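See structure below.
Quick note: the coordinates plus some simple rules give every number you see, no bench work behind them. What you are looking at is a predicted structure, and each value in this text was computed from that prediction instead of being measured.
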């Protein structure tokens, strides 16, 4: 049994190299683990499935110090998915204002970055950067869980 454990440890996710313990430039003002509040501003739910996978047992983003929280008052950063619809413009601004400083915004997916296939659609205010200051972006439609975890590792420095 011990031999099997060593083999899993040598070839599994436990043996991934760390980022050297340095925090990325985005999270220089943050201390400890990064608490994230996810906001769906008007997506097709593809990005939400991939965020769920990134925090699931296979990719396990929490082991790098990133954790999803239920309240923006407990968050250090916002993970925003989807285009910003007219109905979500003001709630997104209020959520951003509720996050204590220093705060970061990460646009997840092509729709959040540049409206993707919903550009110039009725009911769309624009991309996240048209409403909030964006500090980081994760490209893809939808982005792979590995890309989301890589962005979170940059935030946490792990």
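Please say if the stretch 57-120 is rounded, prolate or oblate, where rounded means a/c under 1.5 for a ≥ b ≥ c the square roots of the C-alpha gyration tensor eigenvalues, and otherwise the choice is prolate for a/b larger than b/c and oblate otherwise? Oblate shape, in that a/c is at least 1.5 and b/c is the bigger or equal ratio. With contacts taken as Cα pairs under 8 Å at a separation of at least 6 residues, the stretch 47-158 carries a relative contact order of 33 percent. Take every pair of alpha-carbon atoms less than 8 Å apart whose residues are at least six positions apart; their mean separation over the length of the stretch 40-83 yields a relative contact order of 63 percent. Could you tell me which of rounded, prolate or oblate describes the stretch 49-158, using a ≥ b ≥ c as the square roots of the eigenvalues of the alpha-carbon gyration tensor, with rounded for a/c under 1.5 and, failing that, prolate when a/b is larger than b/c and oblate otherwise? It is oblate, given that a/c is not under 1.5 and a/b is not larger than b/c.
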